[in-house]
Amino acid sequence: MFLILFFVGLIGALLAPIFSVPKLFLFIPFLFWKNKKIFFILFVFLIINFYGGLKVFGTFEYVGRVIQTNDNYSLVFGKIFFENKWISLRMLVGINEELPLGDIVYYYGDMEVDNFSYPKVKLDKNRVISSPYFSIFRNIYMISENFRKKLLKFSEIYYGLFGGKVKRDYIKKSGMYHFFSISGMHISIIYAFFLFLFSKFELKEYLSLAFSFLFLIATGINLPALRAFLLIFFSTIFEGKMFNKIDILCVIGLLFLFIEPALAFSLSFYMSFFSTFGILFVENKYLKMVSAFLGSAPFLALFTNINLFSIIGTFILVIPFQILLFVLLIAFVFELFSLSIISEFLLKLFLSLTNIIESTLKIFATFPKVPGGIYTYLLFELFFFVFLLHFGHIPYILKSKSSN
């Protein structure tokens, strides 16, 4: 049911720029209160569709706070001054500039919605005034920024693994850029490592979550990493009691769409959620990586060529990357406590491993690629569906029919 609601929410958000229901129609689900399935389907569709259709055009005062940031982009959530009062904009706005987490942003100027993009509103960075706002999140992020600058002096591999933007062409051509784009994989690896490290402690799950959250803040709280953290967090609390992991992932997706329906136009959103669906639907641990690749490949094909050999490369490099990720987080913890000597010692100790990874990436960058485009997108979508149908555990009518 939750999976159906997730797709219903997506459809509602995708239709919003074309047709958005009037506020008056939001009472309709309550006419079907006795039929809970119809009630929830209508409720999710109408609410997300309604909020996804909100528009803003004109010149406004805007005040908000940075809630996500990375090497060259920030997302802000805030309020506009409209009809002599401050009201919530109910959508994220983007700024083509890295601003520290938690900073206050003030803007006065034109604001116009681009209905088919995420975020819908982008501010002119030349008219943005930002002001530091003291918080633990901001302090951790600023320390991590200084740490990233130090990492760049050692190796670009270090830098990219800890939230820096790597621009080497061979990394993109290798098909393994996902290692350098902070995602759910990074959070999952860190959580699993600390879960093993604290295996003798009674509260091992929550200690592991604390370190995962530290990494999440240090790297700017981007969407895929936040999705993974919430999945682990809610799974720790609810899995086996009320929901399974697929249900929890769908609820998180719905929560994201309720907060920001424009995410339906974000390729990162689809790549993150569908690669995770691939992992969760497939029980064979050796096939999970293939399923994750097939889940994200269709959307990747829309803007680049696909290196099929990257699946092999991922198998080869996943352990070295895990080792470096552990080293980086431990070095960062030492940096937080001003123990730079130990931090730099660790970075120097594992520097040779970055050279091995770099050489491997360059080799895989030379392999042939499948040209991207809409036909490649459709082909990979078909592969993904067939793969799940054959190797996954899809609890729906189609799976039942295929088994007969």
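The values are calculated or read from the model by the stated rules, or taken from the named source; none is laboratory data. These numbers were taken from a predicted model, which means no experiment stands behind them. Here the Cβ positions follow ideal geometry from the backbone for every residue, glycine too, while neighbour counts run over all protein chains shown. Each accessible area value is taken on the protein alone, full model and side chains, heavy atoms only, with ligands, DNA and RNA left out. Shrake-Rupley method; radii C 1.70, N 1.55, O 1.52, S 1.80 Å.
Given the structure, is Met111 aliphatic (A, V, I, L, M) and farther than 30 Å from Val166 by Cα? Yes; evaluated as a whole, the condition is true for this residue.
Just one of the listed residues (Ile279, Ile306, Ile312) is at pLDDT 90 or above, more than 25 Å from Ile18 (Cα to Cα) and open to solvent by 40 Å² or more (accessible area, probe 1.4 Å), namely Ile312. Among the residues of region 348-383, the ones that are out of contact with any Gly (no Cβ under 6 Å at 6 or more places or on another chain), assigned to a helix (DSSP H, G or I) and open to solvent by less than 90 Å² (accessible area, probe 1.4 Å) come to 16 in all. Would you check if there is a residue in region 87-107 being free of Cβ contacts under 8 Å to residues at least 24 places away in the same chain and open to solvent by less than 80 Å² (accessible area, probe 1.4 Å)? Yes, some residue in region 87-107 is free of Cβ contacts under 8 Å to residues at least 24 places away in the same chain and open to solvent by less than 80 Å² (accessible area, probe 1.4 Å). If you go through region 139-162 and keep only what is open to solvent by 40 Å² or more (accessible area, probe 1.4 Å) and either in contact with a Cys (Cβ under 7 Å, 6 or more places away or on another chain) or farther than 30 Å from Phe367 by Cα (or both), you end up with Asn139, Met142, Ile143, Asn146, Lys149. If only residues of region 205-261 that are farther than 30 Å from Ser88 by Cβ and charged (D, E, K, R) are counted, the one that is least open to solvent (accessible area, probe 1.4 Å) is Glu205. Taking residues in region 35-56 that are farther than 17 Å from Leu254 by Cβ and open to solvent by 70 Å² or more (accessible area, probe 1.4 Å), and partners anywhere that are outside any helix (DSSP H, G or I) and among the basic types (Lys, Arg), the pairs with Cβ atoms closer than 9 Å and at least 6 places apart or on different chains are Lys55/Lys120. Which members of region 163-188 meet the condition of being more than 15 Å from the chain's Cα centre (by Cα) and surrounded by fewer than 24 Cβ atoms within 10 Å (Cβ to Cβ)? Once the filter is applied, which keeps residues that are more than 15 Å from the chain's Cα centre (by Cα) and surrounded by fewer than 24 Cβ atoms within 10 Å (Cβ to Cβ), region 163-188 yields Gly164, Lys165, Val166, Lys167, Arg168, Asp169, Tyr170, Ile171, Lys172, Lys173.
Residue pairs whose Cβ atoms lie under 7 Å apart, separated by 6 or more positions or on different chains, with the first residue in region 7-34 and farther than 16 Å from Phe265 by Cα and open to solvent by 90 Å² or more (accessible area, probe 1.4 Å) and the second hydroxyl-bearing (Ser, Thr, Tyr) and in a helix (DSSP H, G or I), do not occur.
Consider region 116-127 and keep the residues that are open to solvent by 30 Å² or more (accessible area, probe 1.4 Å) and touching a residue at least 12 places away in the same chain (Cβ under 8 Å). The one that is farthest from Ile357 (Cα to Cα) is Arg127.
The condition of being touching a residue at least 60 places away in the same chain (Cβ under 8 Å) and in contact with a Phe, Trp or Tyr (Cβ under 7 Å, 6 or more places away or on another chain) does not hold for Phe380.
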